[in-house]
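**Q** I have a structure I would like to understand better, so I am pasting it below and will then ask my questions one at a time.
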Amino acid sequence: MKPALTLILSGLLITSLHAADNTPPDGFRALFNGKDLTGWNGWNPHDKKKGREDQNKEFASHWRVENGELVNNGTGPYATTNEDLGDIELHIDYKTVPHADSGVYLRGSPQVQIWDNTQVFDPKKPDRKPHLGSGGLFNNTPNTPGRDPLVNADKPFGEWNHFRIRQIGAKTWVWLNDKLVVDGATMENYWDRTQPLPAKGPVMLQTHGGEIRWKNLFVHEISAEEARKLLSESK
């Protein structure tokens with residue numbers, strides 16, 4: 001193949017791949033349209049000083065859409081879906097920076113953790129293990145299944161990471177960059193550990209400590225029949 005033709009085809013491939021961003025695959029729908037904040041509101045349930053109405057007014061001043069990416073600099077309320085979701089498979093791409101600390105809330109409960117995995121373990125904080133990598137259910141009870149990821153699957157800073165998260169009832173599976181990091185662990189109800197995880201709730205993108213970028217946020221809602229099949233196969 002001639003060099004000029006190779007360059008043209010390569011350019012078309014790159015353009016095609018870029019155009020595919022925020023376009024859901026078959027069986028999924030987009031939670032983020034790649035253009036604006038439609039479908040999202042601002043809420044940090046840990047902020048006891050500001051109510052939801054005040055936080056939502058601040059939302060657009062902390063979040064922006066840039067080149068098809070949902071961007072936050074590490075401050076302000078969390079990006080929260082307007083709709084509540086139950087049993088789902090969720091796909092999310094994210095890119096973060098050193099020293100940032102973030103995560104994905106499921107059914108309004110924290111969280112599938114995103115770490116700076118270059119941090120050194122501090123024995124004075126034995127339950128905080130960023131060096132093990134992202135994807136664990138960090139707000140579960142320490143030393144329980146799923147609390148820490150099975151493998152360290154984070155990509156270097158500057159590269160996009162890909163989450164695939166499946167939740168049926170409270171059972172949660174997480175793949176990070178195609179590696180299984182949580183295998184059917186029960187996600188605890190952070191707000192009241194004596195109660196089961198709510199049947200439905202919003203997806204929330206936590207912001208804390210540094211810029212994080214998100215794209216390709218796709219959801220597939222799992223039917224009762226599909227849930228039974230998947231649970232049977234997982235056993």
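**Q** Taking 37 °C and 0.692 mPa s as the conditions, I'd like the Stokes-Einstein D for the chain in µm²/s, using the Kirkwood hydrodynamic radius from alpha carbon pairs. Could you put the intermediate results ahead of the total?
**A** Values: Rh = 18.6 Å.
Rounded, D is 176 µm²/s.
**Q** Another question, then. Please work out how much length the chain gains when fully extended from residue 183 to residue 160, using 0.36 nm per residue of separation minus the C-alpha to C-alpha distance, in nm with one decimal.
**A** Extra length available between residue 183 and residue 160 comes to 6.0 nm.
**Q** For a quick check of your reading of the filter: which trypsin sites (Lys or Arg not before Pro) in the range 113-190 sit in a DSSP loop and have no more than 12 other Cβ atoms within 10 Å?
**A** 124
**Q** Hey, got the dipole for the chain? About the Cα centre, +1 on K and R Cβ, -1 on D and E Cβ, debye to the nearest 20?
**A** With Lys and Arg at +1 and Asp and Glu at -1, about 280 debye.
**Q** While we're here: Quick one: length gained pulling residue 83 to residue 71 fully straight, 0.36 nm per residue minus the C-alpha distance?
**A** Extra length from residue 83 to residue 71 when fully extended: 2.3 nm.
**Q** Now a separate question. Report the local net charge at residue 220: Lys and Arg +1, Asp and Glu -1, summed over other residues whose C-beta lies under 10 Å from its C-beta.
**A** Result for the neighbourhood of residue 220: -3.
**Q** Here's something else I'd like to know. Against the longest alpha carbon principal axis of the chain, how many degrees, from 0 to 90 and to the nearest 10, is the axis of helix 3-19 turned?
**A** Approximately 30 degrees, to the nearest 10.
**Q** Next question, about the same structure. How tilted is helix 52-62 with respect to the longest principal axis of the chain? Cα atoms for both, answer in degrees (0 to 90, nearest 10).
**A** 30
**Q** Here's another thing I want to ask about it. Taking the chain as the reference, fit the longest principal axis to its C-alpha atoms, fit the long axis of helix 224-234 to the helix C-alpha atoms, and give the angle between the two in degrees, 0 to 90, nearest 10.
**A** The angle comes out near 90 degrees.
**Q** Quick one: plug the Kirkwood hydrodynamic radius of the range 110-206 (C-alpha pairs) into Stokes-Einstein at 20 °C, 1.002 mPa s, and report D in µm²/s. Before the final figure, lay out the partial values.
**A** Working: Rh = 13.9 Å.
Once the numbers are plugged in, D ends up at 154 µm²/s.
**Q** Full-extension gain between residue 233 and residue 128, please, as 0.36 nm times their residue separation minus the C-alpha to C-alpha distance.
**A** 34.5 nm
**Q** Give me the net charge of residue 65's neighbourhood, meaning all other residues with Cβ under 9 Å from the Cβ of residue 65; Lys, Arg count +1, Asp, Glu -1.
**A** -1
**Q** Separate question: What does the net charge come to around residue 43 if you take all other residues with beta carbon closer than 11 Å to its beta carbon, with K and R at +1 and D and E at -1?
**A** -2
Just so you know, all these numbers are worked out from the coordinates, no wet-lab data involved. Predicted model, so just to flag it, every value in this text is computed and none were measured. Glycine also receives a Cβ, built like all others from the backbone with ideal geometry; neighbour counts cover every protein chain displayed.
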